[in-house]
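Remarks on the structure that follows.
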Amino acid sequence: CNLTGWWENDLGSKVQVLKVGSDGIFSGVYHTAVSSAKKPIQPSPLVGSQHLDEDGQCTFGFTVNWKFSDSTAVFVGQCFNGDDGKEVLHTSWLLREKVNTEPNDWKATR
């Protein structure tokens, strides 16, 4: 699986992976189409790593530093070779929002 390039999800968010190094490290930009933040959405930087498997169905993860909110998201996933020959990514994510006090910690992660 070659993560380099543009990827789009079902909600219209887009990820651009600039280049995957020989060690699996990569960077890019996340263009989200959805947000609960009050500020306008902005493209946000991401950094990550990919496990380079021989069968091409690699696992990977990346962190997004949202430029328009006080939150950070992490994504983990795997690349699959679909029946139609196209590569497809399946991911899960966690989003951590800033809260004002420790007692509010319970509501900070989605």
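The values are calculated or read from the model by the stated rules, or taken from the named source; none is laboratory data. This one's a predicted model, so the numbers in the text were calculated from it and none came from an experiment. Glycine also receives a Cβ, built like all others from the backbone with ideal geometry; neighbour counts cover every protein chain displayed. SASA here: full protein model, heavy atoms, side chains in, ligands and nucleic acids out. Shrake-Rupley method; radii C 1.70, N 1.55, O 1.52, S 1.80 Å.
Computed quantities for the displayed model
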| item | result |
| --- | --- |
| Selected residue (criterion: nearest to GLY28 (Cα to Cα)) from residues of region 75-84 that are open to solvent by 60 Å² or more (accessible area, probe 1.4 Å) and of a type outside the set (S, T, N, Q) | VAL76 |
| Complete set of residues in region 1-16 that are of a type in the set (Gly, Ala, Ser), surrounded by 11 or more Cβ atoms within 10 Å (Cβ to Cβ) and in a loop (DSSP other than H, G, I, E, B) | SER13 |
| Some residue of region 17-33 being among the hydrophobic types (A, V, I, L, M, F, W, C), loosely packed, with under 15 Cβ neighbours inside 10 Å, more than 17 Å from THR4 (Cα to Cα) and modelled with pLDDT under 90 | yes |
| Failed item, numbered, when THR63 is tested on (1) open to solvent by 40 Å² or more (accessible area, probe 1.4 Å); (2) out of contact with any Pro (no Cβ under 8 Å at 6 or more places or on another chain); (3) assigned to a loop (DSSP other than H, G, I, E, B) | (3) |
| Filtered residue count, region 92-110, keeping only those that are open to solvent by 70 Å² or more (accessible area, probe 1.4 Å), closer than 19 Å to ASN9 by Cα and in a strand (DSSP E or B) | 3 |
| Residues being farther than 12 Å from PHE68 by Cα and under 10 Å from the mean Cα position of the chain (by Cα) - total across region 31-51 | 3 |
